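Worksheet: one structure, shown below.
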Amino acid sequence: MTRKTWTLSLLLFFAFSVNAQLKSPEEFLGYPVGTRYTPHWKIVNYFNHAATQSAAMMKLDQYGETNEGRPLMMAFISSSENISKLESIRLNNLRLAGLSRDKMAAIEDKAPAIVWLSYNVHGNEPASSEASLLALYALLNPAETRTKEWLKNTVVIIDPCLNPDGRDRYVNWYNSAVGKTYNPIPLAREHREPWPQGRTNHYNFDLNRDWAWQTQQESRYRIKKYMEWMPQVHVDYHEQGVNEPYYFAPAAEPLHEVITPWQRDFQQTIGKNNAGYFDEKGWLYFTKIRFDLFYPSYGDTYPMYNGSIGMTYEQGGISGGLGVINEDGDTLTLVDRAQHHFVTSMSTVEAASKNAGKLISEFKKYFSNALSNGIGEYKSYVIKYDAANAQRFDKLRELMDKNGIQYSSGNGTARGFNYFNGKEEAFNIGEGDMLISSFQPRSAMVKVLFEPRSKLSDSVTYDITAWSLPYVYGLKAFASRDKIAAGGALNSIKAVNKETTYGYVMPWNGVRSAKTAGQLLQQGVLLRYAETPFELNGNKFERGSIIILQTSNSAKGKNLWPMVRSIADANNIQLYPVNSGMVDKGFDFGSDMVHALRAPSVYMITGDAISTTAAGGIWSFFEQELGYPLTQVSTNDIQRIDWSKVDVLIMPDGNYRFLNDKDLTENFKAWIRKGGRVIALESAVAQLSKAELGPKPKKSDEPDKKEKENSPGYDALKKFEERERDAMTDMTAGSIYKVELDNTHPLAFGYPDYYYTLKQDDQLYEFLTDGGWNVGVIKKDNQVAGFVGSNLKQKLKDGVLFAVQGIGNGAMIALSDDVLFRNFWENGKLLFCNAIFMTGIR
Ligand SMILES: [Zn+2]
């Protein structure tokens, strides 16, 4: 026996003797998978157990934690040979994608394929985390010789649970609601999950809408790892309604045009492999329906736009508990649901392993094409910088960094499409402007995020159809067909705040201004804001600028200015020192065009019948971005509100039953008349309108509509099979509209005279007259991007979206579109801050 074989047999002996102690999930948990719900901590324990017992074949990392402190885990499973050189496999993979900075050439031949399986992103679609236990064991179990073959040329990454807070919210509730044995009757309590349900994360965000935007920490931690690994195949595991069977790829139209024939083909290959196993067992499934590939922030599209084969798998099972009777009269059990997900897990790894060589060579081809040709008609995007938009510019830059998109400075002149007037024109590239080239590894993502209009192959889609970033961020930008030469690295600008004795002026142009103001107000600093523009010491200040003076704040003594500066520094806010209240142009600080600002006490209605994601978005915005206190009151407790303690009441999208109660509504109105300010969002606007508050919904102004209804003619002859498409003529799945703003009103301070809104419904309101201000209006056909049905196009004109109605000493502020949409609609956030701090104050 040579020394080498000795070592090998020793290693084998060691591996097997250790592996011998690897327990199956059933042995470890004490029950067969699917017969009970496994809380997240037990899933973590099993993964830890497996990592200890199968160290040679598995590496387990904690890559982050949730808001509620639960660990986020990823397991790497492969042959012991691959695991021993995991880091060099990772670096080699990045070289294949042109993403590694080191000069070493990429080894194509023996590079293993990387398959990433993401389980349980929606907490109350919990079968997949149970399946992850089965998948892990099947990959590690020495008796499973088939999987050992696959792992020779495949690295499998398992994230057992992307949303542990949501999963445990569901599982803990379910375990508390189920009896000794489960009740399969769909109406039984255990199938009727209470608000806010487990789908979302702690802040009630849908993490499967957040991949690109990464507003939530789970997404940020995960994408950081995703960028480091760039798998060839990614599967996002879900569950759908209990009456659906199983869905797997190939996906439904529309597919974004950046998706390559190879990506489509390989979805087909994997789909066929899955179908083989399902047919063998007689399990039903469907493909090519409902789950399209368009909106870039899903667990299938995001990997697709990063060169992977991204897929969604959906098992029927939401609200299914441990067992439920479905429409076919069958009892669908968690055991079955977990089995189905387990089978597609194994089938996907198998398909990838069988085609590992091709997966790697196509992966390399994809990225070398992106690098040398650039994807799409536009080759360069230029984002203009100026001091007034610096805060949103920085946020866009952050977004580029989070998604690994490269950018630089630039200079000179170029021609391109001006996003804001829709014309091709010449433009200068100034200092500070951001140049994003399409000649880069993440070229597809660049195109998807920046193209002015996305091409839709089918009008029936699952989600919004427009997200072009210059509109979302409200940043002037050009898309050029020319390859513009890159400049050096883009500098970032850091505020340097000088001392003052008299006071400071702070421009009002973004969330960071509002955050600074909010923190100063909480410190008891009295602030003022200017209603009109003014000039002082050679600086021009726009409406809404915050004035901080020694006067009225003398109680703070010597601490005032160091405290003000330290808050401003921490928020990277430039303060302008001033030494007099007499301005060079405009109104002096003592005039009645300058108003005091006080810390408002802000309440929000939440709970039953309120949209979880709408309320969650506001909650997250207050805590994560604005840093300002928010008191959330449940819909069941509205009658207990002490109105004298409330300055601002936020009513998110939802159903407000208290408005049917005469006494409660009277109290509420009396509070407004005394000076209360209501911020109503989306559907709340229409409900307050019924209670005689705020603007009235616009009626359709088609003159011949009645006539048509009486005598419809051939229009009535519709094809049955076209029914879904016909319904689309009345709707928008979310498209971008240009809104004209009255930026002399405090609600629109800090904005130019326009704003781009995401229109997700057909609501528009009549112009307000007496005591009302029409701050944001759609005048005629102002649609910019995305799909809008033809009937709706007729309706969406000449109405108001953002309005302020004075009522006694108070006000009703109507924001009928979601200005914070999924908290990535960056340019709407200041509107919301204006509503909180500056609008409707007497
Ligand atoms: Zn889902």
Sort 120-128, 814-822, 766-774, 32-40 by the packing proxy (mean of other Cβ within 10 Å over each peptide's residues), most packed first. 120-128, 814-822, 32-40, 766-774
Looking at the chain, send over the antiparallel percent of its DSSP beta bridges, to the nearest 5. 65
So for the chain, averaging the separation of alpha carbon pairs under 8 Å that are six or more residues apart and normalising by length, what relative contact order in percent results? 10
Probe radius 1.4 Å, ligands and nucleic acids ignored: give me the carbon and sulfur share of the accessible area of the stretch 206-343 as a rounded percent. 49
Using a Förster distance of 56 angstrom, determine the FRET efficiency expected from the C-beta separation of LYS110 and SER176, and round it to 0.05. 0.65
For the stretch 166-212, build the charge dipole from Cβ charges (+1 Lys, Arg; -1 Asp, Glu) around the Cα centre, then report which of ASN208, ALA188, TYR170 sits farthest towards its positive end. ALA188
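Can you work out the FRET efficiency for the pair TYR31 and LEU717, with r the C-beta to C-beta distance and R0 = 60 Å, to the nearest 0.05?
Numbers: r = 59 Å, r/R0 = 0.98.
With a Förster radius of 60 Å, E is 0.55.
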Treat every Asp and Glu Cβ in the chain as -1 and every Lys and Arg Cβ as +1, leave all other atoms uncharged, and give the resulting dipole magnitude about the Cα centre to the nearest 20 debye. 1940
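What does the charge count around ARG169 come to, taking other residues whose C-beta lies under 13 Å from its C-beta (Lys +1, Arg +1, Asp -1, Glu -1)? Mind dumping the intermediate values first?
Values: positive: ARG70, ARG167, ARG199; negative: GLU68, GLU125, ASP165, ASP168, GLU193.
That works out to -2.
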Along each of the three principal axes of the Cα atoms of the stretch 142-203, give the extent in whole Å, ordering the values from largest to smallest. 47, 32, 16
Return the long-range amide H neighbours of GLN240 (sequence gap of 5 or more, or a different chain), with a cut-off of under 5 Å between placed amide H atoms. GLN315, GLY316, GLY317, ILE318
Please say if the stretch 24-64 is rounded, prolate or oblate, where rounded means a/c under 1.5 for a ≥ b ≥ c the square roots of the C-alpha gyration tensor eigenvalues, and otherwise the choice is prolate for a/b larger than b/c and oblate otherwise? oblate
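Evaluate the stretch 420-510: find the radius of gyration of its Cα atoms, find its Kirkwood radius, and give the ratio Rg to Rh.
Details: Rg = 18.5 Å, Rh = 17.0 Å.
Ratio of gyration radius to Kirkwood radius for the stretch 420-510: 1.09.
Going from the alpha-carbon gyration tensor of the stretch 315-430, what semi-axes, largest first and in whole Å, does one get by taking the root of 5 times each eigenvalue? Working shown, then result.
Values: eigenvalues 469, 114, 38 Å².
That gives 48, 24, 14 Å for the three semi-axes.
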Shape call for the stretch 84-151, from the Cα gyration tensor axes a ≥ b ≥ c (a/c under 1.5 means rounded, otherwise prolate when a/b beats b/c, else oblate), comes out oblate
Using Cα positions and a limit of under 13 Å, work out the aspartates and glutamates in reach of LYS498, with same-chain residues fewer than 8 apart set aside. ASP569
With a sphere of radius 15 Å drawn around the Cβ of GLY524, what net charge do the other residues whose Cβ falls strictly inside it have (Lys, Arg +1; Asp, Glu -1)? +3
Debye calculation, C-alpha points only, no solvent: report log10 I(q)/I(0) for the chain at q = 0.05, 0.07, 0.09 Å⁻¹, in the same order as the q values. -0.31, -0.60, -0.99
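What's the extension gain from TRP262 to GLN523 if we count 0.36 nm per residue and subtract their Cα-Cα distance?
Numbers: separation 261, 0.36 × 261 = 93.96 nm, distance 5.85 nm.
Here the segment from TRP262 to GLN523 would lengthen by 88.1 nm.
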Ranked output for segments 129-142, 395-408, 269-282 by mean other Cβ atoms within 10 Å, highest leading, reads 129-142, 395-408, 269-282
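In terms of the Cα gyration tensor, with a ≥ b ≥ c the square roots of its eigenvalues, is the stretch 353-403 rounded because a/c is under 1.5, prolate because a/b exceeds b/c, or oblate? Write out the running numbers ahead of the final one.
On the way: a/c = 6.25, a/b = 2.39, b/c = 2.62.
It comes out oblate by the Cα gyration axes.
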For the chain, the per residue accessible area (1.4 Å probe, Å²) is 41
Any chance you could get the radius of gyration and Dmax over the Cα atoms of the stretch 219-307, in Å? 14.0, 40
Which value, to two decimals, describes the C-alpha radius of gyration of the stretch 231-271 once divided by 2.2 N^0.38 Å? 1.33
Of ASN809, MET400, GLY316, which is farthest along the charge dipole of the chain in the positive direction, counting Lys and Arg as +1 and Asp and Glu as -1 at C-beta? MET400
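Packing-wise, with mean Cβ within 10 Å as the measure, how do 494-502, 293-301 rank, highest first?
293-301, 494-502
How much of the DSSP beta bridge set in the stretch 208-329 is antiparallel, as a percent to the nearest 5? Walk me through the numbers on the way to the answer.
Working: 2 of 13 bridges.
For the stretch 208-329, the DSSP antiparallel bridge percentage is about 15.
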What dipole magnitude, in Debye to the nearest 20, does the stretch 116-189 give about its Cα centre under +1 on Lys/Arg Cβ and -1 on Asp/Glu Cβ? 160
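Taking the Cα centre of the stretch 530-685 as origin, sum charge times position over the Cβ atoms of Lys and Arg (+1) and Asp and Glu (-1), and report the length of that vector in debye to the nearest 20. Kindly include the intermediate steps, with their values, before the conclusion.
Values: 15 positive and 18 negative charges, 84 e Å.
The calculated dipole for the stretch 530-685 is roughly 400 debye.
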Intensity falloff of the stretch 174-214 expressed as log10 I(q)/I(0), Debye formula with alpha-carbon point scatterers, at q = 0.22, 0.26, 0.34 Å⁻¹: -0.75, -0.87, -1.16
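Taking 45 Å as R0, compute the FRET efficiency from the Cβ-Cβ separation of LEU664 and GLU68 and round it to 0.05. Please list the in-between numbers first.
Values: r = 34 Å, r/R0 = 0.75.
Efficiency computed from Cβ-Cβ geometry: 0.85.
The values are calculated or read from the model by the stated rules, or taken from the named source; none is laboratory data. As the structure is a prediction and not an experimental result, all values here were calculated from the model. Please note: Cβ atoms are built from the backbone with ideal geometry, for glycine as well, and neighbour counts cover all protein chains shown. Protein only, heavy atoms only, side chains kept; ligands, DNA and RNA dropped before computing areas. Shrake-Rupley method; radii C 1.70, N 1.55, O 1.52, S 1.80 Å.
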